[in-house]
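Single-structure report; data block below.
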There are 2 protein chains.
Amino acid sequence: MARSNKERTEATRLALIEAARRLFVEKGYAETATPDIVAEAGVTRGALYHHFEDKKALFRAVLEREGEAVAVHIEGVALKGASPRQALLLGASAYFDAMAIAGRTRLLLLEAPAVLGLESVVAIDRENTESTLKTGLSNFLGAAAGAATLQALTDMLSAAFDRAAIAIETGADRAIYEKAIAGLLDGLVRA
Amino acid sequence: MARSNKERTEATRLALIEAARRLFVEKGYAETATPDIVAEAGVTRGALYHHFEDKKALFRAVLEREGEAVAVHIEGVALKGASPRQALLLGASAYFDAMAIAGRTRLLLLEAPAVLGLESVVAIDRENTESTLKTGLSNFLGAAAGAATLQALTDMLSAAFDRAAIAIETGADRAIYEKAIAGLLDGLVRA
DNA sequence: TAACATACAGACAGTTTGTATGTAAAGGCA
DNA sequence: TGCCTTTACATACAAACTGTCTGTATGTTA
């Protein structure tokens, strides 16, 4: 079976990323050894270090894939004709849907900050979910809030959503969190 | 110089914890090797593994010390005669003061979840800051909010405070975040 | 088809972690 | 005070892991 180089590369990279994802989710980044990853992927360590600079780069590849999937899911929800308030609440709900995929909270919220450092995670976040939330909040609050305040609220609400996603995954009632979020948002415009 | 066993133990444990704290803050948990820690502490690896089960246990000791210090600082602020609202805002401000100690955000918010796992961190949090925030919120909101809603709000606001502490450490204007927090809280009771 | 580049495979060296064994100092007891 | 046990280390050791280096086979290009 003759495969082109592009096909080979794509296949091995994908196998490595998917195997790594499984193991990182199951045992965490630090406890996952590269021999285990390549065994799971059906390749050798030579292939791993050919395609990725090091173990951390492989983790970053897993993470980027994951963050992108979350962003795609959120942007995929139909907001046509929704009020700014509805748009925010729908966005939050879509975020919870996206984060309900097994392992996502662990990868994105627990491991990533420690493995990649704060800057990288903030950068990935900024590219994906943060801007969506920020414009949503801006539409909701109107021009009343200054840029700095808008940034602060975006930042803190984003963190609140993250924690809510973790709580929901560990068994908390999702409806309660969504109601609490609605309460927080409504309070902001009842000033 | 003859020292009792209790003195020796206390001295070496402290030296190890303080040395480990410095290196964990500087380079992170994973990048810090035990030979470096013991060199910095002026002891040998034998001493480390005599007093701590493993490297993770040493990290846990560092973390418990840190979390306790934060809790002590927060509980130390005078709330006599303060309104529930003032108490919450003063508590938030005290939390930012406490988290401004160098390395604390990295240890408590970035490394700990990945190294110790979510449960341990939640447990440490629950013992220290969370109950304070929860009762503060309860006083502020009155009996209107149900137990589940109170828990959800505590959870999310706690996360918001954490992210705010990180933002402040990385140069954001603290006053903006404190104002935003006041806005969020006030909105909750203007329903 | 000859030359080159890419995609691996396997061996290797340097670290690192936890353990096991040995030693010296402290503590309890006759 | 002398003896015995326990505690607090120090050092050597084995296993595992990461990243690199060298070699080979397969695709690609001139």
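What follows is calculated from the coordinates using simple rules that are stated; it is not laboratory data. Quick caveat: nothing in here was measured; it's all calculated off a predicted structure. A quick note on method: Cβ atoms are made from the backbone with ideal geometry, for glycine too, and the neighbour counts reach across all protein chains shown.
Label-point distances for A:A143 to the equivalent site in the other copies, using a point 7 angstrom along Cα→C-beta, read 4.7 nm when ranked shortest first.
Calculate the dipole size of segment B:55-189 relative to its Cα centre from +1 charges on Lys and Arg beta carbons and -1 charges on Asp and Glu beta carbons; express the result in debye to the nearest 20. Please report the intermediate quantities before stating the final value.
Working: 13 positive and 16 negative charges, 13 e Å.
So the magnitude is around 60 debye.
Distances, shortest first, from the label point of A:D173 to those at the same position in the other copies read 4.0 nm; the point lies 7 Å along Cα to C-beta.
For A:R126, the distances from its label point to the matching points in the remaining copies are 3.7 nm, ordered from shortest, with each point set 7 Å beyond Cα toward Cβ. Per residue of A:176-186, other chain Cβ atoms within 10 Å of the residue Cβ number 5 on average. Using a Förster distance of 30 angstrom, determine the FRET efficiency expected from the C-beta separation of A:K6 and A:V77, and round it to 0.05. Calculated transfer efficiency: 0.35. Between A:D186 and B:E53, the modelled labels are 4.7 nm apart [label points 7 Å from Cα along Cα→Cβ].
Could you calculate the contour length gain from B:E31 to B:A148, that is, 0.36 nm times the residue separation minus the distance between their Cα atoms, to one decimal place in nm?
Values: separation 117, 0.36 × 117 = 42.12 nm, distance 4.01 nm.
Net length gain for the segment: 38.1 nm.
On the basis of the beta-carbon distance and an R0 of 56 Å, A:L90 and B:L14 show a calculated FRET efficiency of 0.60. Summed over qualifying helices (DSSP H, 4 residues or more, each -39500 (n - 2.57)) and divided by its residue number, chain A shows a 222 nm mean residue ellipticity of -24000 deg cm²/dmol. A Cβ-based charge dipole, computed about the Cα centre of segment B:1-52 with Lys and Arg at +1 and Asp and Glu at -1, lands at about 200 debye. Of all chain B residues, the one whose Cβ lies closest to the rotation axis that maps B onto A, given with that distance rounded to whole Å, is B:G187, 1.
Determine, for each peptide in B:40-50, B:157-167, the mean count of other beta carbons within 10 angstrom over its residues, then list the peptides with the highest first. Before the final figure, lay out each step's value.
Numbers: B:40-50: 15.3, B:157-167: 22.9.
In decreasing order of mean packing, B:40-50, B:157-167 become B:157-167, B:40-50.
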